[in-house]
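Enquirer: I'd like to ask some things about the structure below.
The values are calculated or read from the model by the stated rules, or taken from the named source; none is laboratory data. In this text the structure is predicted, and so the values were computed from the model without any measurement. Here the Cβ positions follow ideal geometry from the backbone for every residue, glycine too, while neighbour counts run over all protein chains shown. Heavy atoms of the whole protein, side chains included, go into the accessibility calculation; ligands, DNA and RNA do not. Shrake-Rupley method; radii C 1.70, N 1.55, O 1.52, S 1.80 Å.
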Amino acid sequence: MGGGLSLDINQFIYFGEICRVGSLSKAAENLHISQQGLSLSLKRLEKELGCQLFSRRPSGLELTEAGMLFRKESEAAMEHINRIYQYCQTANGSKSRITVACTINLITRIPVKLRQLLLRGNEDFEINFIEDWTSNCETMVADNRANFGLVYGPCNETQFQSTTLDVLEQVFIVNRKVSTLAQRDTVSLTELANYPLIVPDERCRPGLSIRAMFETAGVPLNIAYACDRPQQIIDLVANDDMAARVILDDVTESDLTKIKVLTLRDDPFLLPICLIYKKGRKLSMQERFFTHLVMDNSDGEV
């Protein structure tokens, strides 16, 4: 670059992520680098430019006037760089192909824009979208058969780089009229001992998590039925004295006239939706661009 500057693409990417989340620690987490490394990169960038890009506020980092100008120009530069990649691929008669292994049915729980990106791709990417159980998706990523995984539940951090896109709260439901637990707002695993339970299939992450929770607590688990369909589960509980695990967002106002929602006492039952890739694998420029598109389109309610 002119004027003796020696900026690199990573500095644009790092700066853009800090702008997006307004926090060095959160940006470092999303970028899978140390906060110290990100801070040093920002200081080098400000030294190169000869100006301060951010000022600190109680609410977080805030762009200075120079920072706002640099953000506008850096975004234009990144768009131009991505277009260069696109033009070169077009000239070569090809388009970037990214394989994403996704937990079964998880696609229905993500924002519309992200869903469209994963199912249709865009002008820069052709997406090879595969659905399977979470453990199989992780295996595909570990074996380099998939560039990324979009998976449900926590992953092995020694094996994967993971970014949490959203968190889904798991609750238990009981029949409002006949269950002895319906007078409560919370429930413990001990209180669910031997209670007929509807739980997900043991091949899926919630199903595995529930079985592991009961086993760890030394509490007997009485599985009456294995089912993964939310409305079917709610209907079964509404018509019988059983309990079931569901995702809180699946319960509607009309359902609450027939069932009672119970949160797990003392230990909230939360499962994240994560974007993962194999730890230690260096992402290509296009893969980095893809991860930023995923995070940008995952904002908002799932």
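Enquirer: Would you call Val171 touching a Leu at 6+ places or on another chain (Cβ under 6 Å), closer than 30 Å to Ala238 by Cα, open to solvent by 10 Å² or more (accessible area, probe 1.4 Å) and not aromatic (Phe, Trp, Tyr)?
Expert: For Val171, the condition - touching a Leu at 6+ places or on another chain (Cβ under 6 Å), closer than 30 Å to Ala238 by Cα, open to solvent by 10 Å² or more (accessible area, probe 1.4 Å) and not aromatic (Phe, Trp, Tyr) - is not met.
Enquirer: Right, Arg205: open to solvent by 40 Å² or more (accessible area, probe 1.4 Å), in contact with a strand residue (DSSP E or B) (Cβ under 8 Å, 6 or more places away or on another chain) and not aliphatic (A, V, I, L, M) or not?
Expert: no
Enquirer: In segment 47-67, which residues are farther than 16 Å from Ile9 by Cβ, surrounded by 15 or more Cβ atoms within 10 Å (Cβ to Cβ) and modelled with pLDDT under 90?
Expert: Across segment 47-67, the qualifying residue is only Leu61.
Enquirer: Which condition breaks for Phe129 when tested against (1) touching a residue at least 24 places away in the same chain (Cβ under 8 Å); (2) part of a loop (DSSP other than H, G, I, E, B)?
Expert: (2)
Enquirer: Here is a further query. Working only within segment 132-173, note down all residues that are part of a loop (DSSP other than H, G, I, E, B) and touching a helix residue (DSSP H, G or I) at 6+ places or on another chain (Cβ under 9 Å).
Expert: Answer for segment 132-173, where residues must be part of a loop (DSSP other than H, G, I, E, B) and touching a helix residue (DSSP H, G or I) at 6+ places or on another chain (Cβ under 9 Å): Trp133, Arg145, Ala146, Asn147, Gly153, Pro154, Cys155, Asn156, Gln159.
Enquirer: Okay, next question. For Phe289, which of the numbered conditions (1) at pLDDT below 90; (2) on the phi < 0 side of the Ramachandran plot; (3) surrounded by fewer than 17 Cβ atoms within 10 Å (Cβ to Cβ); (4) not β-branched (Val, Ile, Thr) fails to hold?
Expert: Result: Phe289 fails condition (3) only.
Enquirer: Oh, and also: I need every pair where a residue in segment 186-209 that is in contact (Cβ under 8 Å) with a residue 24 or more places away in the chain and more than 19 Å from Pro230 (Cβ to Cβ) has its Cβ under 9 Å from the Cβ of a residue that is among the hydroxyl-bearing types (Ser, Thr, Tyr) and surrounded by 19 or more Cβ atoms within 10 Å (Cβ to Cβ), sequence separation at least 6 or different chains.
Expert: Between residues of segment 186-209 that are in contact (Cβ under 8 Å) with a residue 24 or more places away in the chain and more than 19 Å from Pro230 (Cβ to Cβ) and residues that are among the hydroxyl-bearing types (Ser, Thr, Tyr) and surrounded by 19 or more Cβ atoms within 10 Å (Cβ to Cβ), the close pairs are Tyr195/Ser179.
Enquirer: While we're looking at this one, here's another question. Going by the structure shown, is Gln232 open to solvent by less than 20 Å² (accessible area, probe 1.4 Å), modelled with pLDDT under 95 and polar (S, T, N, Q)?
Expert: Spelling it out, it is not the case that Gln232 is open to solvent by less than 20 Å² (accessible area, probe 1.4 Å), modelled with pLDDT under 95 and polar (S, T, N, Q).
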